[in-house]
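Peer 1: Let me begin by handing over the structure; questions about it come next.
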């Protein structure tokens with residue numbers, strides 16, 4: 001059974017495989033993102049967290065997902081361009097994945113079991129669900145899509 005973030009890998013937006021063990025020893029914030037969602041402006045707050053804490057050991061990782069209202073229809077190049085031009089995103093972004101169901105990426109299967117949502121449901125309800133991982137690679141907390149990135153800063157501070 002997979003026990004930590006380091007046991008996973010995913011492809012970056014450019015198609016390059018990325019072992020998530022590269023983030024071992026860091027605090028990691030994993031977010032399923034979308035370009036055409038009401039929560040899309042949270043990219044700005046996620047980038048602000050990245051800038052504020054990256055030198056202290058925070059990694060923000062964005063995983064585009066098109067499972068909620070088809071709000072991430074673009075290909076990897078379109079997603080990268082949108083994020084860079086509109087929000088100056090400089091944190092790592094990964095290829096579009098599924099976060100729920102049989103085809104869910106193994107990382108998200110692990111995250112949702114490790115940190116169930118409201119009423120113990122494992123499924124992710126919408127874009128911009130956030131998972132905070134501690135330095136030892138274990139899930140510490142799950143945050144709802146409505147939670148603004150700035151509101152997660154105190155929890156990040158505790159782990160840094």
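The values are calculated or read from the model by the stated rules, or taken from the named source; none is laboratory data. Source: prediction; values computed, not measured. Please note: Cβ atoms are built from the backbone with ideal geometry, for glycine as well, and neighbour counts cover all protein chains shown.
Peer 1: Regarding residue 11, is this residue modelled with pLDDT of 95 or more and within 26 Å of residue 154 (Cβ to Cβ)?
Peer 2: no
Peer 1: Are any residues in the stretch 45-61 in contact with a helix residue (DSSP H, G or I) (Cβ under 7 Å, 6 or more places away or on another chain) and free of Cβ contacts under 8 Å to residues at least 40 places away in the same chain, and if so, which ones?
Peer 2: If the condition is that a residue be in contact with a helix residue (DSSP H, G or I) (Cβ under 7 Å, 6 or more places away or on another chain) and free of Cβ contacts under 8 Å to residues at least 40 places away in the same chain, then 59, 60 are the ones that fit.
Peer 1: Also, quick follow-up: Among the residues of the stretch 1-14, which ones are buried (at least 16 other Cβ atoms within 10 Å of the Cβ), touching a helix residue (DSSP H, G or I) at 6+ places or on another chain (Cβ under 7 Å) and part of a loop (DSSP other than H, G, I, E, B)? It would help to see each step written out before you state the result.
Peer 2: The initial filter retains those residues of the stretch 1-14 that are buried (at least 16 other Cβ atoms within 10 Å of the Cβ), namely 4-6, 8, 10, 13.
This time we only want the ones that are touching a helix residue (DSSP H, G or I) at 6+ places or on another chain (Cβ under 7 Å), so: 5-6, 8, 10, 13.
Residues satisfying the conditions are 8, 13.
Peer 1: Evaluate the following for residue 144: is it surrounded by fewer than 20 Cβ atoms within 10 Å (Cβ to Cβ) and modelled with pLDDT under 95?
Peer 2: yes
Peer 1: Can you find a residue in the stretch 143-156 that is without any contact (Cβ under 8 Å) to a residue 24 or more places away in the chain and part of a strand (DSSP E or B)?
Peer 2: Yes.
Peer 1: Output the number of residues of the stretch 115-151 satisfying the condition of being under 15 Å from residue 32 (Cβ atoms) and in contact with a strand residue (DSSP E or B) (Cβ under 7 Å, 6 or more places away or on another chain). I'd like the intermediate steps shown before the answer.
Peer 2: Filtering the stretch 115-151 down to residues under 15 Å from residue 32 (Cβ atoms) leaves 115, 117, 122-133, 139, 142-147, 149.
Retained after the next criterion (residues that are in contact with a strand residue (DSSP E or B) (Cβ under 7 Å, 6 or more places away or on another chain)): 115, 117, 124, 127-133, 139, 142-143, 147.
The total comes to 14.
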